[in-house]
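Remarks on the structure that follows.
The values are calculated or read from the model by the stated rules, or taken from the named source; none is laboratory data. On a predicted model such as this, the values are computed, not experimentally measured, just so you know. Positions of Cβ are generated from backbone atoms using ideal geometry, with glycine treated the same way; all protein chains shown enter the neighbour counts. What goes into the accessible areas is simple: the full protein's heavy atoms, side chains included, and nothing from ligands, DNA or RNA. Shrake-Rupley method; radii C 1.70, N 1.55, O 1.52, S 1.80 Å.
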Amino acid sequence: MQLSRPAGTAMLRSVQMTEYAGRDGLSDMQELVQRTWSPASRLHLGDVAWERSVNARRSADSWRTAVWRDGDDVVAWAWLAQPSHLLMTVDPDRPELAATVVEWFQTTADGPKLAVGVLETEKHLLTALESAGFRRDDDAPYFTHHWISLDALTEPVVPEGFTLRHVRQDEVAKRGAVHRAAWSDLGPSNVTDEDMAEVMSTWPYRPELDWVVENEAGEFVASALIWLDEQHQVGLVEPVGCAPAYRRRGLGAAVNLAALHALREAGGTKAVVCPRGDDGYPQARALYQSFGFRPGSRTLHLLLG
Ligand SMILES: CC(C)(COP(=O)(O)OP(=O)(O)OC[C@H]1O[C@@H](n2cnc3c(N)ncnc32)[C@H](O)[C@@H]1OP(=O)(O)O)[C@@H](O)C(=O)NCCC(=O)NCCS
């Protein structure tokens, strides 16, 4: 369902806002993320694809998305990824729209406390949030972008009895199972086979960039999915996991390296991954740093209320 209206202030007369009450809007969101992407952006095409896909089972009335267009261009979007948690992208060349997006968040969200995460480099978003009274929560967990250039990758190696390969499009159930196994001691994971089918049919998913380690029984025991933004030749690694019974044997590193080699063959020149940067969960960044990823910008978390 859609509702379009002018964006609200005289300055923004040419900008039209469309609200989506269901899942629609992903292609608009990805269009803006790709058009404005730079290493200073928090979100990559793949983040939006993954997050929307694994939320696909939500009831229609629990989706809240707004997209702002100026003529043919998407210039901002906002999505309540949770009832009081905002994800957004605003064209850095249209910083004045950030205040409009934050105002939409304040009037649409549910709950006494509103939360939002941005990358520390997204100054236009930080300015609008701080002007609206949001304050930094420096005790909250945060995420640090990690980068690797694909020109000097080491070769992936797995112990005897294990095989590295990419998944096939029809292996949804096995792919869902290895994801749930990897997160079983943390969550458990809410990702169902239906969610995984959605992930695997959402652009720009490609099975040849979705790698697994298979054991002798033919089960998948570790996995790494990469999303390629062809326009910028950048791959996002999301998600990665290894089943608890198989950890610390080099499988997590091997499956990532295999996926990164495939990314290079597909035209990627660098990759980004966004593990926790705080010391509450250091193992993921330890994994990525063990084979060459290096830390870049971090997220900042802001609260209102
Ligand atoms: C993080 C994870 C994928 C690691 O998988 P893994 O197969 O155990 O990793 P590897 O055996 O390839 O580890 C390679 C290196 O990474 C680092 N590392 C991996 N796990 C670590 C841990 N728990 N603590 C510290 N360092 C760790 C080490 O340097 C390790 O080399 P070493 O074993 O020779 O010391 C796995 O623990 C997991 O699935 N966790 C839950 C899901 C998750 O956190 N995913 C990543 C989210 S961004």
Within the stretch 256-289, restricting attention to residues that are farther than 14 Å from residue 242 by Cβ and of a type in the set (A, V, I, L, M), which residue is most open to solvent (accessible area, probe 1.4 Å)? 266
Please go through the stretch 186-235 and give me each residue that is open to solvent by 50 Å² or more (accessible area, probe 1.4 Å) and either touching a strand residue (DSSP E or B) at 6+ places or on another chain (Cβ under 6 Å) or at pLDDT below 95 (or both), ordered by number. 186, 187, 188, 190, 208
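Yes or no, residue by residue, for (1) away from the ligand (no atom under 16 Å from the Cβ); (2) without any contact (Cβ under 8 Å) to a residue 60 or more places away in the chain; (3) outside the structural domain of residue 36 (by TED's automatic domain parsing); (4) of a type outside the set (S, T, N, Q):
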| site | (1), (2), (3), (4) |
| --- | --- |
| 122 | yes, no, no, yes |
| 156 | no, no, yes, yes |
| 173 | yes, yes, yes, yes |
| 178 | no, no, yes, yes |
| 183 | no, yes, yes, yes |
| 195 | yes, no, yes, yes |
| 215 | no, yes, yes, no |
| 229 | yes, no, yes, yes |
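To keep it simple, each residue is scored yes or no on (1) in contact (Cβ under 8 Å) with a residue 40 or more places away in the chain; (2) in the same structural domain as residue 110 (by TED's automatic domain parsing); (3) of a type in the set (A, V, I, L, M).
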position	(1), (2), (3)
15	yes, yes, yes
25	yes, yes, no
29	yes, yes, yes
49	yes, yes, yes
63	yes, yes, no
70	yes, yes, no
98	no, yes, yes
Just one of (1) in a helix (DSSP H, G or I); (2) open to solvent by less than 70 Å² (accessible area, probe 1.4 Å) trips up residue 159, so point out which. (1)
Among residues of the stretch 166-185, those that are surrounded by 15 or more Cβ atoms within 10 Å (Cβ to Cβ) and among the hydroxyl-bearing types (Ser, Thr, Tyr), counted: 0
Kindly provide the set of residues from the stretch 84-122 that are of a type in the set (Lys, Arg) and farther than 19 Å from residue 29 by Cβ, ordered by number. 113
Going through (1) away from the ligand (no atom under 11 Å from the Cβ); (2) in contact with a Cys (Cβ under 8 Å, 6 or more places away or on another chain) one by one, residue 169 fails only at (2)
For the stretch 236-255, give me each residue that is buried (at least 21 other Cβ atoms within 10 Å of the Cβ) and in contact (Cβ under 8 Å) with a residue 60 or more places away in the chain. 236, 241, 242, 243, 251, 253, 254, 255
Out of the residues in the stretch 250-305 that are among the basic types (Lys, Arg) and part of a strand (DSSP E or B), which is farthest from the ligand (Cβ to nearest atom)? 270
